[in-house]
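Below: the structure, in structure tokens.
The values are calculated or read from the model by the stated rules, or taken from the named source; none is laboratory data. Since we're looking at a predicted model, the values are computed, not measured. Note that each Cβ is placed from the backbone with ideal geometry, even for glycine, and that neighbours are counted across all protein chains shown.
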Amino acid sequence: MWLKTSCELLFDIAVPTPFILMLRPRSGAQQWIASEEYLLFPSVPVFEFTDDYGNLCQRLVAPPGTFKIHTSARIMTSDHVDEEPGGAFIDVQRLPDNVLKYLLPSRYCESDCFNDMAREITLNQDPGYDQVAEIESWLRRTIKFQPGSSLTPLSAIEVNKNQVGVCRDLAHLGVALCRSLSIPARMVVGYLHALRPMELHAWFEAFVAGRWYTFDATQMSKRGGYVAIGYGRDAADVAIYNQFGPAVFPIEQKVCVALA
């Protein structure tokens, strides 16, 4: 399907503030970026680089006063989410080198603490895709998805303790459970068509049967319309913006995803 995405962030800057932004989606296996617009008000010099996870990032220094970031893109994305029931578990020694980092514990995904729990959840499932699908189903049944329930990222341990969280939190627990089974898993941030309420979204992917597959415990059924902006080990790697110096928060944030 063709989608038109847009994101607008408005800041009130007190002193010159360095930013690292991650707001440009890039073309890949499941999406094609046909056109895009990236505007800064006021205009400032920008340096773009690709981070260790393949994400397009922009460095800049925002001047004092009102500072607005506006991005939009026209994107062809998949009409459906690929599934592979029975997809094989890949032995660690056969995984691609660039996937190995997604096996390790990270700041918000303490996978070394979930070995017994993950095995209990997936007890009757074949190793690989079916284990991840069962983890997704368990998250949907067990952890309450409640938008606005956490304003800062929660670790997988905290989410499991609280039994409630936002999309980012459910993704953290899903990633941790997968990694504890030696299944590479990564967090994704981006857009989802027809998401309610409309805002930036997070889900996770697992590497089985030789490729990455999408899993999202916040949605009741598999559907298309996902647009990925950033990939990483957890929320610390996929923030749409990081700023340095006195804390700055958006005074306004608008996200829109519509059929193009």
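When the residues of the range 54-81 are filtered to those that are closer than 27 Å to Tyr213 by Cα and of a type in the set (A, V, I, L, M, F, W, C), the one that is surrounded by the most Cβ atoms within 10 Å (Cβ to Cβ) is Ala73.
Restricting the search to the range 201-224, which residues are crowded, with 19+ Cβ neighbours inside 10 Å, outside any strand (DSSP E or B) and of a type outside the set (S, T, N, Q)? If the condition is that a residue be crowded, with 19+ Cβ neighbours inside 10 Å, outside any strand (DSSP E or B) and of a type outside the set (S, T, N, Q), then Asp216, Ala217 are the ones that fit. When we screen Ser43, Ser106, Ser111 for residues that are closer than 27 Å to Tyr129 by Cβ and either exposed (fewer than 14 other Cβ atoms within 10 Å of the Cβ) or touching a Pro at 6+ places or on another chain (Cβ under 6 Å) (or both), the only hit is Ser111.
Yes/no per residue for (1) among the acidic types (Asp, Glu); (2) under 20 Å from the mean Cα position of the chain (by Cα); (3) under 26 Å from Pro25 (Cβ atoms):
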position: Pro45; (1), (2), (3): no, no, yes
position: Gly65; (1), (2), (3): no, no, no
position: Pro105; (1), (2), (3): no, yes, no
position: Asn115; (1), (2), (3): no, no, no
position: Gln125; (1), (2), (3): no, no, no
position: Tyr129; (1), (2), (3): no, yes, yes
position: Arg141; (1), (2), (3): no, no, no
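Quick check on Pro127: is it surrounded by fewer than 19 Cβ atoms within 10 Å (Cβ to Cβ) and either under 27 Å from Asp91 (Cα atoms) or free of Cβ contacts under 8 Å to residues at least 60 places away in the same chain (or both)? Yes; evaluated as a whole, the condition is true for this residue.
In this structure, Val227 does satisfy being closer than 16 Å to Gln31 by Cβ and of a type in the set (A, V, I, L, M).
Does at least one position in the range 121-140 carry a residue that is at pLDDT 95 or above, among the β-branched types (Val, Ile, Thr) and closer than 18 Å to Ser221 by Cβ? Yes, because at least one residue in the range 121-140 is at pLDDT 95 or above, among the β-branched types (Val, Ile, Thr) and closer than 18 Å to Ser221 by Cβ. Take the residues in the range 169-198 that are among the charged types (D, E, K, R) and touching a helix residue (DSSP H, G or I) at 6+ places or on another chain (Cβ under 9 Å), then tell me which one is nearest to Leu154 (Cα to Cα). Among them, the one singled out is Asp169. Cβ-Cβ contacts under 6 Å between residues 6 or more apart (or on different chains), taken from a first residue in the range 192-217 that is within 13 Å of Thr5 (Cβ to Cβ) to a second residue that is part of a loop (DSSP other than H, G, I, E, B) and hydrophobic (A, V, I, L, M, F, W, C), are listed as His201/Leu195.
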